[in-house]
Structure formats: C-alpha cells, structure tokens
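Colleague: Sharing a structure with you now.
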Ligand code: BGC
C-alpha cells in the first residue's frame, strides 16, 4: 500500500515546552522553593533539587537532542527570582545566561518562545502580597522590560503568563499551589491583577519590539455534561467552562471580566493578545451532584472507556482537543498549541496520545484554522509541582540520581512527524500499530 500522509502547513513550528522551575534546578528564592520546604505540600516530601540540571548547563545537551530529533522551536520560561533576586537588585549574570541560551537557539535555527511568568514568584514579591497586591502590574512590567530589552534580538514570540486559570485555581481556590488559599474573593482580585499585569507587559513588549507576537497560555479543559438533555448537568458545565476556560481570554478581547457571580470592567486590557496559546491535556464528564458545592455542583470524572495515564491524572481524549482548538479558533487570531502531553513513565500510552492529538491539529489546519505550531509538554522529565517526580511528562526520561537521559519510543514517533512535517502511515504502522486502522482505514 502506498504511504498515506497527514501533512502540516509549511513553516509549522515543531517543539517542546519546559518551565524554568521544573527543569533548571537550584531555584531557592521563590514561592515554590518555600512551598517545597513546607511539610505536606509536595508528594512524599520530594524536592526539585537539581531538577533536570539546566542551570548547570544541561539545557544545551537537551536542546541539542531536540534539534537532532527534528524540533525547530522550543518554549521555555525565565525565572523572575533569578533576574531580580530582591526588590532593588538585578542579576545581570543570570540574565546573560538566558541570553546565551537564546543565542544558541538562534545559531541553530531554533525558534524560541519565551514565557515570562510560569507559576513561580520571587520571595520578595510574595512578601509584598504578590499578585494580590495593587502594585503587581507595574512590578511585573518592570521585570518584563528588563528581560525583553536583553532578549529582543533573539525572541519575538512571548507568553506573558502561563495558565492564569490554573495558577488562580491552584493558589486561591483548591489550595494545592502557593499561597494555598481557599478564598474566592481574593481569587477574583488576583484574576483582575493578572489581566492588568498581562496588559502592562503586552504594552511594554510592543513598545520595545513592534513586531512581537504576544499571548497567554490557557489551560483548556474540555467539559461535557453527563447527559446532554439534562439542564442539571449542563448548568455546572456552563459555570465551570466560563470561569476556567473563557473568562480570562474574553476579557482580553472586550475588556469585560465575567466571573458569573461578579463582573468587572477593565477597558485597559481589551485587545491585548496577538495569538491564542492553547494548552490541552484532557476532558471531564460533568454530572450534577449536590455534594459538590465547591465545583458548582458538578462532579467531574473521565469519560468511560478512555485510556488513563499511570497515576490517573489524565485521560486520552483527542476529541477534547478538538473542542479546545474550536474554542481557540473562535477568537479569530493565530493559534499556537503551547502545551499538550501526558504523564507516562512507561511510555505505553504517550505514542498514541501524541499521534491522536496531532491528528486533531492536522484536522484544524485543514479547515484553514490558523494553527501555527505545536509544543509538546515536555522535552525531558521534570519536577511536576506538587506531584514532584511521580509524574513523568518527558519525551526523554530522566534518572534523577545520575541525570542520565532515557530515550523513549515517543522520541522516534515525534522525530518522524517533525522531520516529515507529516504523520506518515508507515511510521504509524511501525511504531504505533494499535491506532493504524483508526487513522488510516482501508475500507
Ligand atoms: C503546566 C506545566 C505542567 C503541565 C503538566 C501545565 O498545567 O503549565 O507546568 O507541568 O501542565 O501538568
């Protein structure tokens, strides 16, 4: 049989994504290092330690691996507490290290995408109220100015804030992230400040670099009512969807923050996005349940029959990714998939998860939706926040005792896709045979 191919648009960005705290190691001056020191916050008391040892220089060998396996882009974040260790000091040596990484990428024709805030906050900032404080938009803008001035010769793709929805939910609603609060009023305040911080950063970036492309990475969760005919199931879906998936990005379009129970006018944040950053992992079924008031009376669970990751964190539901792509497309802006992946230390599920999800991206591209790139989470196993080392998201595995990298089968799968700019039937037949008939039906 001749080879069949799902071909992606020319110039497509193929990469993976990382975040400073998760890969660098030796981070000791931010909200998460303090969180790690607080008993009971990280599973089994695990510590990030050297993480994937990027700060000592291993970023180079990992990016080289990415490059050799066909990736032409990489998304990474800058650790604010390194650049501005105290309120009135700046560490130019730390900044120079990041400049070195960007220069290396430029020299190797790898497109960098830089995230300016990925969950961590410097301790001096935390002690001044962090994102609860009125002064945060100005403080964030000051840091962003410093970074963009230093990196703008190499970087033009920027994410201001990674997953504001997860950051708020973790920090102020569910409490698994620092500062570990359960306070909806404060959560609303932090949302407003994140919007203002983003808008301030957006303006600074464009002032320094008119051609910049600036966005936010949103964690889109596909939510489906257990019974499509049931108004009781549909109501919690509507509320959760508005609060988690839509409120932040809609405000960046029209300057109106709609948190269902509270509405705020923020005209200054309207029209401050150049592309939509989409992080997609999984879908939940939502069923009305009077015993779940904290989740707007909607109990969430994975679709029956879906394959679930080893620790039960994610289910493989590519149709949910389609929902996310459709959500992103409605904004009428270019779309970049800024994260997608699965925790799977055995790599039994990842190859099919990867291909099935990329198949959805291909479908979107073939509807002429403006999908410009895909960044897999993640390049190498790294410190997974409150789950520590128990969840492994890397294309490459990591032995944290020796820092040895372990090439997983998923690397071969992704390498073929990146190098061919296509999902090739022969590759699927060889490496992911379990989905061959589904992807390439022969009639
Ligand atoms: C975050 C990453 C995280 C990943 C997997 C996203 O919510 O941006 O930092 O590691 O999901 O859980």
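Please treat every number below as a calculation from the coordinates, not as lab data. Computed from a predicted model, the values in this text were never measured in an experiment. Backbone-built Cβ (ideal geometry, glycine too); neighbour counts: all protein chains shown.
Colleague: Quick check on the stretch 135-142. Is at least one of its residues closer than 21 Å to residue 21 by Cα, buried (at least 23 other Cβ atoms within 10 Å of the Cβ) and away from the ligand (no atom under 16 Å from the Cβ)?
Modeller: yes
Colleague: Turning to a different aspect of this structure: Identify the residue in the stretch 325-346 that is in a helix (DSSP H, G or I) and in contact with a strand residue (DSSP E or B) (Cβ under 9 Å, 6 or more places away or on another chain) and, among all such residues, is surrounded by the fewest Cβ atoms within 10 Å (Cβ to Cβ).
Modeller: Residues of the stretch 325-346 in a helix (DSSP H, G or I): 325-329.
The next check asks that each one be in contact with a strand residue (DSSP E or B) (Cβ under 9 Å, 6 or more places away or on another chain); those that pass are 325, 327-329.
On the way: 325: 24, 327: 20, 328: 26, 329: 18.
Filtering the stretch 325-346 for residues that are in a helix (DSSP H, G or I) and in contact with a strand residue (DSSP E or B) (Cβ under 9 Å, 6 or more places away or on another chain), the one surrounded by the fewest Cβ atoms within 10 Å (Cβ to Cβ) comes out as 329.
Colleague: Identify the residue in the stretch 143-174 that is within 16 Å of the ligand (Cβ to nearest atom) and assigned to a loop (DSSP other than H, G, I, E, B) and, among all such residues, is surrounded by the most Cβ atoms within 10 Å (Cβ to Cβ).
Modeller: By that ranking, first place goes to 163.
Colleague: Step by step: first the residues of the stretch 309-346, then only those that are touching a helix residue (DSSP H, G or I) at 6+ places or on another chain (Cβ under 6 Å) and closer than 23 Å to residue 7 by Cα, then the one that is farthest from the ligand (Cβ to nearest atom). Which residue is that? Quick ask: steps written out before the conclusion?
Modeller: From the stretch 309-346, those touching a helix residue (DSSP H, G or I) at 6+ places or on another chain (Cβ under 6 Å) are 316, 318, 321-322, 325, 335, 340, 342, 344; that's our starting set.
Within this subset, residues satisfying the condition of being closer than 23 Å to residue 7 by Cα are 316, 318, 321-322, 325, 335, 340.
Numbers: 316: 15, 318: 17, 321: 14, 322: 19, 325: 17, 335: 17, 340: 10 Å.
Result: 322.
Colleague: When you scan the stretch 347-370, do you find a residue that is part of a loop (DSSP other than H, G, I, E, B), within 14 Å of the ligand (Cβ to nearest atom) and surrounded by 21 or more Cβ atoms within 10 Å (Cβ to Cβ), even just one? Let's see the steps before the verdict.
Modeller: Kept after step one, since they are part of a loop (DSSP other than H, G, I, E, B), are these residues of the stretch 347-370: 347-349, 367-370.
Still in the running and within 14 Å of the ligand (Cβ to nearest atom): none.
The answer is no; no qualifying residue exists.
Colleague: Can I ask one more? Given (1) within 16 Å of the ligand (Cβ to nearest atom); (2) touching a residue at least 40 places away in the same chain (Cβ under 8 Å); (3) surrounded by fewer than 17 Cβ atoms within 10 Å (Cβ to Cβ), identify the lone condition not met by residue 211.
Modeller: (1) is the only condition that residue 211 fails.
Colleague: Can we say residue 199 is within 13 Å of the ligand (Cβ to nearest atom) and either within 21 Å of residue 274 (Cα to Cα) or touching a strand residue (DSSP E or B) at 6+ places or on another chain (Cβ under 8 Å) (or both)? I'd like the intermediate steps shown before the answer.
Modeller: Values: within 13 Å of the ligand (Cβ to nearest atom): no; either within 21 Å of residue 274 (Cα to Cα) or touching a strand residue (DSSP E or B) at 6+ places or on another chain (Cβ under 8 Å) (or both): yes.
In short, no.
Colleague: Related question: Please return the ranges of helices (runs of 4 or more DSSP H) entirely within the stretch 1-70 where 2 or more residues are free of Cβ contacts under 8 Å to residues at least 60 places away in the same chain.
Modeller: On the way: elements: 20-23, 31-37, 59-68.
So the answer is 31-37, 59-68.
Colleague: Also, I was wondering about something else. Cβ-Cβ distance below 6 Å, separation of 6 or more or different chains: which pairs start in the stretch 384-396 with a residue that is within 13 Å of residue 23 (Cα to Cα) and end on one that is away from the ligand (no atom under 11 Å from the Cβ) and in a loop (DSSP other than H, G, I, E, B)?
Modeller: Close Cβ pairs (under 6 Å, with a partner that is away from the ligand (no atom under 11 Å from the Cβ) and in a loop (DSSP other than H, G, I, E, B)) amount to 388/42; 388/46; 389/46; 392/345.
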